[in-house]
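Trainee: Okay, here's the structure, questions in a sec.
The values are calculated or read from the model by the stated rules, or taken from the named source; none is laboratory data. Not measured: the values here are computed from a predicted model. Cβ atoms come from the backbone with ideal geometry, glycine included; neighbour counts cover every protein chain shown.
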């Protein structure tokens, strides 16, 4: 269903691969926006965690990425597109505990193989597509309309 | 009467609108309009940064004057352990407490003992806790308020153990009333406070309960008289005085003191609001789950850095640290009996009566569709602004100004710079959204120019 521009709050955020110093800023900015417009707390928490995990995936594995935030009164849509190595076997990557993280990443507390499963767990709807060698696209959706079920 | 009690007041006669407070406020709760500062009550977390920075002493902490103690038949002083750090290294708590008695209090209570009990209670709570981690100490009222306002998601991670000063007030009154055969109401328990934030936690506890204390007196106010009062006190045995110190309790004066004296393994300490905000952002993202307990203090280095203390905070921090090291080295353990504490703990002796509730900031609008529109307008307005955060409009940043405008609290014409032509369109949109409740006069498109001209004349 086409939506008139007026009802959509749309914002883009760039993420730089390998930039651990600034990692987490995008999820913080998004969290601030969600709080400002009065999104339900439980959704803010879930969305913050999901977008942070996705952001970290870009920082750790991709060259660069872009988060597109789209909010309408009905739904919150976060799209993460990155340019990078992509994921060869998505089913395997979705398994809890599976990780290709390096030793350094593990030292920083990442790479427990919980990232993607954690995003899926927190989102109302979740979609992932990837082309190995090109990049990955992740769609994270939350329903805001209380009458609509998951 | 407003919803939130604050321990900070602005003296309008003294305020010259110098905007130092505007820039230092960590929650952007201050506006300077028409040359005077004002506080947005729902945003203020009583950290006291503005008090310290005001060049005219126009922002004042609302502590109790010393004379308050005359209202009671019997008075007890309960000094924060941070007071013990305000004097030279040879002056130990025993002497400080005798000095306080000479000031006119009927008795002075060593809060370190209660702090020690509470440290053990915290240890019990951390051990039995099964929820999301880390747990956050409730010792600093500003931190508790920061969570209520900015991190409502973390509210259940605040430790719901009663504060030592409250427990002390409760128990002392009970015991004294029995001993002296007077009513508990006739006993005044006063906290000697290192910061104004403790004052609000007494007047309006975060968990909405009732305080067992009758007031808070600033350490800075008693410092001078106390120094003279201690002069005449004969020097007792240093060793004996040392042996009466509860190491766990002394730890409460400085950041990291609780973790260190309890020897908690997976714990950490953080002080200073900007640093706390970084750590809380991490917790919110689900990081730091491997940490059991976080001690967080709004003032640098903990309570020794409170705005109502006298000694340089690094000197006082060091004094507490050395004291802890000495006690550790000498293996002095004048602490409460842990078995006794566990027994009381199981009887819910330490639990707070109320519950911490979030007090999140108002969203741009309660209607989501409208809030989205306002948020978009805010972005558009922000794009028009110079983004140099000059503060002349009265808001701390251009972004805060844009938000004030869409909330209807400020007018676009408040910006001293010439705004581009599309400002009119935005004004129109804005007034539609604000339901014409805020009148934006569209017939004055050149108001900015004329205002600047006026200034340059």
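Trainee: Collect the residues in the range B:64-91 that are buried (at least 20 other Cβ atoms within 10 Å of the Cβ) and over 24 Å from residue B:203 (Cα atoms), keeping them in residue-number order.
Mentor: B:84, B:85, B:86, B:87
Trainee: Residues to consider are B:18, B:23; find the one that is part of a helix (DSSP H, G or I) and farther than 30 Å from residue B:99 by Cα.
Mentor: Working: B:18 fails: part of a helix (DSSP H, G or I).
The unique qualifying residue is B:23.
Trainee: Still on this structure, please answer the following. Has the range B:325-334 got at least one residue that is assigned by TED's automatic domain parsing to the domain that holds residue B:225 and at positive phi?
Mentor: Going residue by residue through the range B:325-334, those that are assigned by TED's automatic domain parsing to the domain that holds residue B:225 are B:325-334.
Still in the list and also at positive phi: B:331.
Checked against the condition, which is being assigned by TED's automatic domain parsing to the domain that holds residue B:225 and at positive phi, the range B:325-334 yields at least one hit.
Trainee: I'd like the residue in the range B:360-403 that is outside any helix (DSSP H, G or I) and within 12 Å of chain A (Cβ to nearest Cβ) and, out of all such residues, is surrounded by the fewest Cβ atoms within 10 Å (Cβ to Cβ).
Mentor: Start the filter on the range B:360-403 by keeping residues that are outside any helix (DSSP H, G or I), which leaves B:360-367, B:385-397.
After this cut, where a residue has to be within 12 Å of chain A (Cβ to nearest Cβ) as well, the list is B:360-367.
Numbers: B:360: 17, B:361: 15, B:362: 11, B:363: 18, B:364: 22, B:365: 20, B:366: 9, B:367: 14.
Checked the range B:360-403; the qualifying residue surrounded by the fewest Cβ atoms within 10 Å (Cβ to Cβ) is B:366.
Trainee: Sticking with this structure for a sec: Anything in the range A:6-26 that is over 14 Å from the mean Cα position of the chain (by Cα) and either closer than 27 Å to residue A:101 by Cβ or in a loop (DSSP other than H, G, I, E, B) (or both)? List them, or say none.
Mentor: Across the range A:6-26, the qualifying residues are A:8, A:16, A:17, A:18, A:19, A:20, A:21, A:22.
Trainee: Residues that are assigned to a helix (DSSP H, G or I), more than 30 Å from residue B:180 (Cβ to Cβ) and either under 20 Å from the mean Cα position of the chain (by Cα) or not assigned by TED's automatic domain parsing to the domain that holds residue B:212 (or both): does the range B:37-50 have at least one?
Mentor: Step one: of the range B:37-50, the residues assigned to a helix (DSSP H, G or I) are B:49-50.
Then drop every residue that is not more than 30 Å from residue B:180 (Cβ to Cβ), which leaves B:49-50.
Okay, now just the ones that are also either under 20 Å from the mean Cα position of the chain (by Cα) or not assigned by TED's automatic domain parsing to the domain that holds residue B:212 (or both), so B:49-50.
Within the range B:37-50 (the criterion being assigned to a helix (DSSP H, G or I), more than 30 Å from residue B:180 (Cβ to Cβ) and either under 20 Å from the mean Cα position of the chain (by Cα) or not assigned by TED's automatic domain parsing to the domain that holds residue B:212 (or both)), the answer is yes, since at least one residue qualifies.
Trainee: Select from the range A:9-26 the residues that are modelled with pLDDT under 90 and either more than 9 Å from chain B (Cβ to nearest Cβ) or under 23 Å from residue A:145 (Cα atoms) (or both) and list them in ascending order.
Mentor: Taking the range A:9-26 as the starting set, the residues that turn out to be modelled with pLDDT under 90 are A:18-25.
Within the range A:9-26, A:18, A:19, A:20, A:21, A:22, A:23, A:25 meet the criteria.
Trainee: Let me spell it out: the conditions are (1) crowded, with 19+ Cβ neighbours inside 10 Å; (2) not in a loop (DSSP other than H, G, I, E, B), and residue B:138 meets all of them except one. Which number is the exception?
Mentor: (2)
Trainee: If a residue has to be without any contact (Cβ under 8 Å) to a residue 60 or more places away in the chain and surrounded by 24 or more Cβ atoms within 10 Å (Cβ to Cβ) to count, how many in the range B:98-119 make the cut?
Mentor: 0
Trainee: While we're looking at this one, here's another question. Of everything in the range B:376-416, what is free of Cβ contacts under 8 Å to residues at least 12 places away in the same chain and in contact with a strand residue (DSSP E or B) (Cβ under 6 Å, 6 or more places away or on another chain)? Give them in sequence order.
Mentor: B:376 - this is the single residue of the range B:376-416 that is free of Cβ contacts under 8 Å to residues at least 12 places away in the same chain and in contact with a strand residue (DSSP E or B) (Cβ under 6 Å, 6 or more places away or on another chain).
Trainee: Applying the selection to the range A:116-133, what residues are more than 13 Å from residue A:94 (Cα to Cα) and not in a helix (DSSP H, G or I)?
Mentor: Within the range A:116-133, A:123, A:124, A:125, A:131, A:132, A:133 qualify.
Trainee: Can you find, within the range A:27-73, the residue that is farthest from the other protein chains (Cβ to nearest Cβ) among those that are under 18 Å from residue B:372 (Cα atoms) and part of a strand (DSSP E or B)?
Mentor: A:68
Trainee: Now, a different point. Can you tell which of A:76, A:69 is over 11 Å from the mean Cα position of the chain (by Cα) and at pLDDT 95 or above? It would help to see each step written out before you state the result.
Mentor: Working: A:69 fails: over 11 Å from the mean Cα position of the chain (by Cα).
Within the list A:76, A:69, the selection yields A:76.
Trainee: Moving on to the next point. Which residues, counting only those in the range B:262-317, are touching a strand residue (DSSP E or B) at 6+ places or on another chain (Cβ under 9 Å), in contact (Cβ under 8 Å) with a residue 12 or more places away in the chain and within 14 Å of another protein chain (Cβ to nearest Cβ)?
Mentor: Scanning the range B:262-317 gives B:266, B:268, B:279, B:280, B:283, B:288, B:291.
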